[in-house]
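Reading through the structure tokens given below for one structure.
The values are calculated or read from the model by the stated rules, or taken from the named source; none is laboratory data. Source: prediction; values computed, not measured. Cβ atoms come from the backbone with ideal geometry, glycine included; neighbour counts cover every protein chain shown.
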Amino acid sequence: MTASKFSAIFPNAAKPLIAMAHVPALPGTPLYDADGGVQKLVDHVQRDVELLVEAGFDAVMFCNENDRPYELKAGPEASAVMARVVTECRPQTIPFGVDFLWDPRIALAAAVATGASFIREVVTGVWESDMGLWQTDAAAVLRERRRLDASDIAIFMNVTPEFASPIGKRTPADTARSTVVSSLSDAILVSGPMAGEGPDASTLQSVVDAVAGAAPVLLNTGARADSIAKMLTIADGCIVGSSLKVDGYTWNEVDRDRAFRFVEAARA
């Protein structure tokens, strides 16, 4: 079931390339630009999305990347503003998803409001993290999806979240295998220690081997033009953000040349 939901989103992409559309800091967060207001967020994201679509990515994912430091429980204004930005900036020709760092309820609410095809979140495990003790609740998230009659929205589950380490002794491979079975993941994501830094190829391979085709496994961080061809011999696709930005810096705007070079390298 999980693999078929993923295939329904990407019927013509053997190894989907999902590009991040990073939303600048939202209202109420430390780095929010009150003078520019919400319209400035829309203008910034709209430009990035247009470049990413032009470069040839298979999907775009909207994320509140600059809401540092991140919250585990955000307020209602977060889903409201994310929904506005996504609605005004969503691409018309390719699928799109929503990610919220780090509250899956917000991501799901914005996805339902905007017609997104998928969300990306950490919904399994307990972690020590930069945000404090991080205790997830997959059961609540999937029940909320059912309550909202949104079962068609796929949930991509990150089993090695950035800025965190697990409490317990299970390996990423162990976690991925059980996440597919017990948490009903529609795709498994493998990350490095923080945005822009990727996992070891050996870790990615171990997760692919453990899942054994039960769900797609995507490289979630650290995708770069000079290494993506190799990583896609292991992974079933990738999510990329930082390396597409001006100077490769996560919170800069998208660099057109970098975006085109990445797609060309991945397709090759």
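Structure summary
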| quantity | calculated |
| --- | --- |
| Criterion: under 18 Å from the mean Cα position of the chain (by Cα), outside any strand (DSSP E or B), modelled with pLDDT of 95 or more and of a type outside the set (D, E, K, R) - qualifying residue of PRO69, PRO27 | PRO69 |
| Candidate set: the range 232-268, residues that are assigned to a helix (DSSP H, G or I) and among the polar types (S, T, N, Q); chosen: the one farthest from the chain's Cα centre (by Cα) | SER243 |
| Residue among ALA215, ALA210 that alone is assigned to a loop (DSSP other than H, G, I, E, B), buried (at least 19 other Cβ atoms within 10 Å of the Cβ) and out of contact with any His (no Cβ under 6 Å at 6 or more places or on another chain) | ALA215 |
| Complete set of residues in the range 84-109 that are farther than 15 Å from HIS44 by Cα, over 14 Å from the mean Cα position of the chain (by Cα) and touching a residue at least 12 places away in the same chain (Cβ under 8 Å) | THR93, ILE94, ARG105, ALA109 |
| Selected residue (only one of ALA80, ALA107 is in contact with a helix residue (DSSP H, G or I) (Cβ under 9 Å, 6 or more places away or on another chain), among the hydrophobic types (A, V, I, L, M, F, W, C), crowded, with 20+ Cβ neighbours inside 10 Å and in a helix (DSSP H, G or I)) | ALA107 |
| Filter result (in contact with a Pro (Cβ under 8 Å, 6 or more places away or on another chain) and either farther than 22 Å from GLY97 by Cα or among the aliphatic types (A, V, I, L, M) (or both)) within the range 219-268 | LEU219 |
| Enumeration of residues in the range 22-64 that are in contact with a strand residue (DSSP E or B) (Cβ under 8 Å, 6 or more places away or on another chain) and aliphatic (A, V, I, L, M) | VAL23, VAL45, VAL49, LEU51, LEU52, VAL53, ALA55, ALA59, VAL60, MET61 |
| Positions within the range 1-34 being surrounded by fewer than 18 Cβ atoms within 10 Å (Cβ to Cβ) and either touching a His at 6+ places or on another chain (Cβ under 6 Å) or charged (D, E, K, R) (or both), in sequence order | ASP33 |
| Residues of the range 178-199 satisfying the condition of being out of contact with any helix residue (DSSP H, G or I) (no Cβ under 6 Å at 6 or more places or on another chain), under 18 Å from GLY241 (Cα atoms) and either without any contact (Cβ under 8 Å) to a residue 60 or more places away in the chain or β-branched (Val, Ile, Thr) (or both) | SER191, GLY192, PRO193, MET194, GLU197, GLY198, PRO199 |
| Any hit, the range 178-193, residues being surrounded by fewer than 21 Cβ atoms within 10 Å (Cβ to Cβ), among the charged types (D, E, K, R) and not in a helix (DSSP H, G or I) | no |
| Within the range 151-177, tally of residues that are crowded, with 16+ Cβ neighbours inside 10 Å, over 17 Å from the mean Cα position of the chain (by Cα) and in contact (Cβ under 8 Å) with a residue 40 or more places away in the chain | 2 |
| Any hit, the range 159-173, residues being of a type in the set (A, V, I, L, M), part of a strand (DSSP E or B) and closer than 21 Å to PHE10 by Cα | no |
| Residues of the range 194-207 satisfying the condition of being closer than 16 Å to SER165 by Cβ and surrounded by fewer than 19 Cβ atoms within 10 Å (Cβ to Cβ) | MET194, GLU197, ASP200, THR203 |
